[in-house]
Every structure is written in C-alpha cells, then in structure tokens.
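The values are calculated or read from the model by the stated rules, or taken from the named source; none is laboratory data. Values in this document were obtained by computation on a predicted structure and should not be read as measured data. A quick note on method: Cβ atoms are made from the backbone with ideal geometry, for glycine too, and the neighbour counts reach across all protein chains shown.
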Amino acid sequence: MARPVPTGRARVPRMGELARKTFARTLAVLGLSAATILGIAGTAGAAPADRAGDPVVLNGSQLSRLNGVAPGKILAYKWAGKWIQVPVQIDERHKVPARSLYPEDAASKYILDLVPFEMEVYADPKTRSGADEDPGFDADDELVFMAGDSGRAAPAKAALPSGVGPAGATKIAVDDPVGGGKAYVYLFQAPVKWDQSAGKDYVKYDFKLTGLGAGQTLLNDYGYSNSSNPEDSTVTTADYQLHSTDRWMEDELKISAGGASGANILDREAVSAGGLNGCGRSEYTFSGNWDLDANVGNERPADDDEGTYVAIKDGPVRAIRSYMGANSGPYVQAVHKYYADHEDKSIIVRVHPIPDMYVWTDLSAAASGMTYRDQLNRSGVAVDGSPDSLAKPGADGIGSGNLFWQQVTGAQGSATTLVSATASVIDGDNPPFVAYYLDDQNPDGPGEKQCGGDLKAYGAAGFGIDGTFPNTDPNLAPVLVNSRDLTVDRVRYFGGPGATAEQADVFAERVKEPLTATAGKADVREQRAKLGLRLVNRKVKARPGRIVKLRVRAINTGNVTMKRAKVCAGSRSFAKSPCARLANLAPGKSRTLTLRAKVKKNAKGRRVAFFLSYEGKGGDYGVVGVGGGYKIALRR
C-alpha cells in the first residue's frame with residue numbers, strides 16, 4: 001500500500017519572490033539550472049495502569065484543531081521509540097427530530113409529535129438517522145481509540161510520521177484516575193482518506209436481517225410497524241460472541257477469553273414492563289414477536305407495535321447497535337457499544353408511566369456449575385436451577401447514579417456486569433431501583449414469571465424498578481404535566497474462568513472513574529532531511545587546467561534520514577560542476593565527500609570562488625539547499 005502524500009505540499013519547498021531570485025542567481029553561479037535541481041525532487045508504552053481494554057472517547061469539541069477535517073483523514077499514532085500507527089474510529093453524531101426516525105405512514109397511535117423534540121444520535125446513512133449534515137469532523141462527533149494503543153510521550157520536535165502533514169497535529173494525554181499513570185496518542189491529518197484501522201479489527205459485527213429479499217434495504221423495507229424483523233446478527237471479538245434474533249432479542253453468549261469453554265450460556269436477555277407476574281410486555285412484544293412469548297392469547301394490537309433502527313456501525317475499535325421502539329414507548333431507545341473485552345449498553349426510557357420495569361440476563365442450562373455473586377453476596381452461590389436466599393440491597397442500595405455489580409464465573413468463562421440508573425427527580429417521587437436474581441428450574445412463585453426461552457431461570461440476574469416510574473416521554477408532557485429523564489446503563493466485562501469479587505470491585509471503580517483525556521497541540525516537525533555543507537581543506541590551491549580535490553563535510557541537520565543526495569560545487573572557474581553522491585545519512589550523522597573539480601585553463605584572478613549545493617530526498621520530500629560560498633587560492 002502506497003503511503004499518502006500530503007495535499008497542498010509541493011515537491012520542493014515554496015519560496016518567496018526575493019528568495020526565488022536569490023536562488024536563481026546562486027544556481028547561475030553554480031553552473032546548475034533550476035530544472036536540473038528540481039527534476040529529481042521526490043514526493044512528498046503502555047496504557048495507564050492495566051486498563052488496556054478501556055476506550056478513550058473524545059468528542060469534536062475537545063479536538064477543535066481537527067474540526068472540519070474529513071473524518072476518514074484523521075490517523076492515530078503512538079510513540080514507542082518510533083511512530084506506530086494505531087486504530088482510531090470516528091463515529092459521526094447529529095441531532096434529528098425524533099419523529100423523523102419513523103416513516104410518516106408508520107401505523108401507531110403512540111408515534112406522536114405533540115411536543116416535537118430532537119434526539120442526538122449516531123449518524124448512519126443506512127437508517128432513517130441518515131448521514132451527518134456536516135461532512136467534516138465537528139463538535140458532536142466522537143473519536144475513540146483503546147487505552148492499550150497509547151504510548152510514551154514523543155520527544156520534543158519529533159519528526160512527523162511518514163505521509164501526514166503538520167496541520168491540526170494533536171497530542172492526547174490519557175490519565176487513569178483509579179490506578180494512576182499517563183500515556184499518549186497523537187492525531188495527524190492525512191491528505192486523503194486512509195486506513196484508520198492500522199491493520200487491526202477488534203470487533204466484527206455482522207448485521208443481517210433475514211426477512212429482506214433481493215434488492216431490499218434496511219432503510220426502505222424494514223417493518224417499522226406491526227411487524228417482526230428477524231435477524232441473524234453476530235458480534236464477535238477475541239473474547240466473546242453475541243447473537244441477536246431481533247431488536248431486543250439475544251439468544252447467544254459464548255465466552256472465549258482466557259481458556260473459557262466457549263459454551264453458549266445465554267437463554268435470553270429479558271425485559272419486562274408492567275410486572276413480573278405476566279407477559280403483557282416483554283422483549284418479544286417490544287420486537288413485534290407476539291407469537292413467541294409464553295403468554296397464551298397475548299395477541300398483537302393493531303396500533304401498539306413499532307420499531308426502528310437508528311445506527312448500525314462496524315469499525316476497527318468498536319461496533320454500535322442502536323434501535324428504538326417498545327410497544328407504547330416508540331421512543332424508548334437502546335444503544336449497544338461493543339468493545340474487544342466488554343459491552344456497554346444503555347436504555348434511554350421515553351414512555352408513559354409503567355409499573356415494575358425490569359431487565360435481566362437469563363442464563364441457559366449450559367451455565368450450570370458456574371458461581372453467581374454480587375457486591376452484597378461476595379462468597380457466591382452455585383448456578384444450578386435451585387433457589388437461593390441472597391441478601392438484597394436496601395432502599396438506597398441502588399439509588400440514582402449508584403452502581404451495583406453482579407458476576408457469574410466458571411469453566412464457561414466469566415461475565416461481570418455493572419448496572420446503574422440515572423434519573424431526574426421531581427418532588428422525590430421516583431420509586432426505588434432494585435436488584436433481580438432468580439435461580440429456579442420451576443419458576444412458578446409470585447414475581448417469577450418467565451415469558452420465553454426455556455421458561456426456566458438459571459442464574460438470572462439484573463435490575464429493576466420497584467413501583468411505577470413517572471412519565472419519561474417528552475411527547476406526553478402536556479398530557480401528564482411534565483416528564484423526566486431515565487437511563488439504565490449496563491457495562492459487562494467478559495473474561496476467562498476464575499473471576500473474583502475483588503476483580504469485580506476493580507471493574508466497578510473503572511466504570512465509576514473512566515479514563516480521562518486532554519488534547520493539545522503536538523510539538524512535532526515535518527519529516528525532512530537537510531544537509532549542512534562545509535569545506536574541510538580550505539587552504540587547498542587550484543591551478544589552471546588542473547584538477548583540485550575539494551573535501552566537503554556533509555552533516556544531516558534534519559530529523560529523518562537523507563535517503564540519497566548529490567552534493568555539487570559550482571563555479572564559473574570550473575570546467576563543469578563536480579558532484580559526489582551519498583546515501584542513507586541518518587540525522588546528526590556526517591560524511592566526508594571528495595569533489596574533483598577541473599579548473600579552466602583561462603581561469604583568472606588570484607582566487608577561485610565557488611558555492612556548495614545539494615539536491616536529494618529525505619523523508620517524504622525532495623530537498624535542495626545551498627551550503628555557502630568559498631574561495632581558494634589560484635596559483636599559476
């Protein structure tokens with residue numbers, strides 16, 4: 001793959017008018033033409049502490065030096081004694097009217113526009129979100145790289161990496177507020193769109209709608225209302241694999257990290273709204289799959305089923321899966337961000353008041369033999385389908401903004417989940433958040449209803465609201481007096497067998513205290529070689545019609561290796577300009593060359609004047625230069 005050549009960068013340095021005239025006069029004295037010289041010009045440590053798997057996310061407002069640059073032209077590098085390109089990903093974001101995420105003819109009485117509101121979402125031309133209206137990297141776009149791809153601080157005035165320009169060069173300092181340490185990543189601008197992956201792909205996302213026929217697309221042919229949309233979509237990394245069968249429906253989790261067995265330990269990712277004693281609203285009805293739940297007679301209403309995809313993105317650093325629609329909550333949104341060793345999922349609730357909303361992970365019988373523990377039950381209990389008596393958080397145990405961890409571990413691998421909710425409060429009337437756990441092959445007690453999958457509960461763990469949360473749908477604010485915000489977050493780390501409570505504590509600290517990053521101007525220079533030329537034997541004597549040997553010391557005063565160069569001496573007193581060649585002269589190194597100049601027979605005067613010059617290629621650029629003028633004695 002050829003290296004990019006920075007745009008707007010001439011093959012030879014640009015010169016002002018006075019400089020050009022002076023340079024031309026010098027060339028004339030040297031006996032060289034501009035065409036001769038210009039003709040050969042060429043074309044232009046470790047992450048903080050142990051958080052290599054955590055992302056570093058910055059938005060465009062933090063990277064103003066790169067605002068306006070085409071996202072595909074921004075490259076990332078770390079310094080490890082030399083520049084090494086590392087993967088970086090830019091996900092464009094923009095604000096869109098919420099109603100525009102559904103077609104105008106989407107049939108549901110709940111897709112309202114009573115109080116039009118905007119949502120800031122990931123831009124995606126494949127969905128109704130559409131492409132970002134601003135094609136450049138702007139304030140709300142996100143740039144992400146992994147902490148493990150950061151390195152040491154580059155030396156002051158280090159040369160730019162090959163093929164990038166100095167415009168917008170940015171240094172990002174990454175700090176770990178938990179374990180300490182600092183590391184750096186540098187951002188540069190390439191002249192053309194370039195491979196930002198650095199040859200790596202941490203997450204592979206294969207999104208596949210199986211119900212689409214030939215020529216049909218997600219944008220134009222998705223079942224936005226009164227329809228299921230079957231999928232066969234997988235997310236795969238070196239540590240885990242997940243499988244989805246529709247928007248809210250997942251049925252596969254295989255952990256491959258650290259020698260895990262790779263068994264599928266997931267029965268389903270469960271959702272319940274309206275209580276744990278029935279199946280009126282579940283992940284099945286949310287996805288339009290009314291016939292798949294376990295509630296006999298739970299038939300699809302004619303106007304209570306909608307859904308839409310907001311973004312489907314697969315990049316070298318992370319994948320994003322964002323969708324909306326949950327029965328009478330058409331603006332309820334889920335956002336999954338998949339990284340190499342963990343998944344970050346948020347549910348943004350926008351719906352009328354609903355009692356007892358719960359989300360949990362129900363494992364399959366293949367999870368038998370694993371150990372479940374959480375931050376109140378650190379010793380853990382066996383996942384075996386037999387009920388357990390566990391301590392539960394108090395009323396304030398999982399308050400708004402608090403974190404609660406849950407973990408399963410065994411030969412099948414380990415999954416450590418950190419759950420939390422962020423809610424605005426009006427008059428203190430929000431009901432409490434509670435933890436959920438059920439291990440029972442025959443779940444027939446109060447609050448134990450299972451609505452699908454194998455109808456059993458193996459190590460089922462999650463999070464819920466004990467009571468009715470007030471209105472969160474902005475569209476209904478005029479009807480229900482007001483609305484407030486509610487977001488449920490789940491971060492899940494995947495690892496090998498043998499995870500511990502202490503490791504869960506560390507994960508919890510990391511989620512509470514994410515890596516921080518600050519951006520500033522990078523102190524770097526363009527890659528360019530430059531020669532300093534000096535006549536060593538200044539007392540040498542020249543004779544008309546004879547050859548004089550000029551010993552010239554050449555030193556590379558630039559910052560990259562001079563790949564090749566031709567050093568010449570020009571004078572009207574020489575029959576022709578003598579030259580000598582050198583190759584691969586490293587920065588700071590010198591070499592002595594001998595130029596054999598024949599003096600003209602009719603040379604006059606007491607001294608011979610000449611200039612030293614060079615032309616060559618160093619870094620990505622052709623370079624020329626003049627090393628100064630000298631005079632040596634002319635003897636008859």
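Among the residues of segment 534-552, are any in contact with a Gly (Cβ under 9 Å, 6 or more places away or on another chain), buried (at least 20 other Cβ atoms within 10 Å of the Cβ) and of a type in the set (Gly, Ala, Ser)? No: segment 534-552 contains no residue that is in contact with a Gly (Cβ under 9 Å, 6 or more places away or on another chain), buried (at least 20 other Cβ atoms within 10 Å of the Cβ) and of a type in the set (Gly, Ala, Ser). For segment 182-231, residues that are assigned to a loop (DSSP other than H, G, I, E, B), exposed (fewer than 13 other Cβ atoms within 10 Å of the Cβ) and more than 25 Å from the chain's Cα centre (by Cα) total 6. Here TYR338 qualifies as surrounded by 21 or more Cβ atoms within 10 Å (Cβ to Cβ) and at pLDDT 95 or above. Checking ALA457, ALA504, ALA499 one by one, the residue that is surrounded by 21 or more Cβ atoms within 10 Å (Cβ to Cβ) and touching an Asp or Glu at 6+ places or on another chain (Cβ under 6 Å) is ALA457 and no other. Scanning segment 118-130 for residues that are buried (at least 16 other Cβ atoms within 10 Å of the Cβ), outside any loop (DSSP other than H, G, I, E, B) and of a type outside the set (Ser, Thr, Tyr) gives MET119, VAL121, ASP124, GLY130.
On the given criteria, is ASN471 over 29 Å from the mean Cα position of the chain (by Cα), assigned by TED's automatic domain parsing to the domain that holds ALA421, assigned to a helix (DSSP H, G or I) and surrounded by 17 or more Cβ atoms within 10 Å (Cβ to Cβ)?
The answer is no for ASN471.
Within segment 256-287, the set of residues being at pLDDT below 95 and in a loop (DSSP other than H, G, I, E, B) comprises ALA273, GLY274, GLY275, LEU276, ASN277, GLY278, CYS279, GLY280, ARG281, SER287.
Restricting attention to segment 200-214, the residues being among the polar types (S, T, N, Q) and closer than 12 Å to GLN89 by Cβ number 0.
Of the residues making up segment 143-152, none is more than 21 Å from the chain's Cα centre (by Cα) and outside the structural domain of ASN226 (by TED's automatic domain parsing).
Restricting to segment 142-158, and then to whatever is assigned to a strand (DSSP E or B) and of a type in the set (A, V, I, L, M, F, W, C), can you tell me which residue is farthest from SER64 (Cα to Cα)? Working first, answer last.
As a first pass, look at segment 142-158 and keep what is assigned to a strand (DSSP E or B): 142-146, 151-152, 158.
Now drop any that are not of a type in the set (A, V, I, L, M, F, W, C), which leaves 143-146, 158.
On the way: LEU143: 12, VAL144: 15, PHE145: 17, MET146: 21, ALA158: 22 Å.
Out of the qualifying residues, it is ALA158.
Out of all the residues in segment 166-176, is one or more over 13 Å from the mean Cα position of the chain (by Cα) and of a type in the set (Asp, Glu)? Looking for residues that are over 13 Å from the mean Cα position of the chain (by Cα) and of a type in the set (Asp, Glu), one finds at least one in segment 166-176, hence yes.
Here the condition is being within 30 Å of PHE117 (Cα to Cα), surrounded by fewer than 20 Cβ atoms within 10 Å (Cβ to Cβ) and in contact with a Leu (Cβ under 9 Å, 6 or more places away or on another chain); of ALA477, ALA421, it holds for ALA477 alone.
Tallying residues that are on the phi < 0 side of the Ramachandran plot and either touching a helix residue (DSSP H, G or I) at 6+ places or on another chain (Cβ under 8 Å) or of a type in the set (Asp, Glu) (or both) within segment 167-201 yields 18.
Yes or no, residue by residue, for (1) more than 25 Å from the chain's Cα centre (by Cα); (2) crowded, with 19+ Cβ neighbours inside 10 Å; (3) closer than 30 Å to ASN327 by Cα; (4) polar (S, T, N, Q):
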| site | (1), (2), (3), (4) |
| --- | --- |
| GLY72 | no, no, no, no |
| PRO87 | no, yes, no, no |
| ASP105 | yes, no, yes, no |
| ASP132 | no, yes, yes, no |
| PRO135 | no, no, no, no |
| ALA139 | no, no, no, no |
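Just checking, which of VAL69, VAL115 is of a type outside the set (Phe, Trp, Tyr), assigned to a loop (DSSP other than H, G, I, E, B) and at pLDDT 95 or above?
Of the residues listed, the single one that is of a type outside the set (Phe, Trp, Tyr), assigned to a loop (DSSP other than H, G, I, E, B) and at pLDDT 95 or above is VAL69.
Of the residues examined, LYS126 is one that is of a type in the set (Lys, Arg), modelled with pLDDT of 95 or more and not assigned by TED's automatic domain parsing to the domain that holds ILE348. The number of residues in segment 399-454 that are within 31 Å of the chain's Cα centre (by Cα) and under 15 Å from LEU266 (Cα atoms) comes to 9. Selection within segment 474-488: residues that are at pLDDT below 90 and assigned to a loop (DSSP other than H, G, I, E, B). The member of this set that is farthest from ASP356 (Cα to Cα) is PRO478.
Annotation: of all residues in segment 424-451 being more than 22 Å from SER386 (Cβ to Cβ) and among the small types (Gly, Ala, Ser), the one that is surrounded by the most Cβ atoms within 10 Å (Cβ to Cβ) is SER424.
Taking every residue in segment 374-392 that is polar (S, T, N, Q) and pairing it with any residue that is assigned to a loop (DSSP other than H, G, I, E, B), at least 6 positions away or on another chain, the pairs with Cβ-Cβ distances below 9 Å are GLN375/PRO393; ASN377/ASP388; ASN377/LEU390; ASN377/ALA391; SER386/GLN441. Return a yes/no flag: does segment 244-255 have any residue that is under 21 Å from VAL203 (Cβ atoms), in contact with a Gly (Cβ under 6 Å, 6 or more places away or on another chain) and not in a loop (DSSP other than H, G, I, E, B). Taking every residue of segment 244-255 in turn, at least one turns out to be under 21 Å from VAL203 (Cβ atoms), in contact with a Gly (Cβ under 6 Å, 6 or more places away or on another chain) and not in a loop (DSSP other than H, G, I, E, B). Mind checking which residues of segment 592-623 are surrounded by fewer than 20 Cβ atoms within 10 Å (Cβ to Cβ), touching a Phe, Trp or Tyr at 6+ places or on another chain (Cβ under 9 Å) and part of a strand (DSSP E or B)? The answer is LYS598, ALA609.
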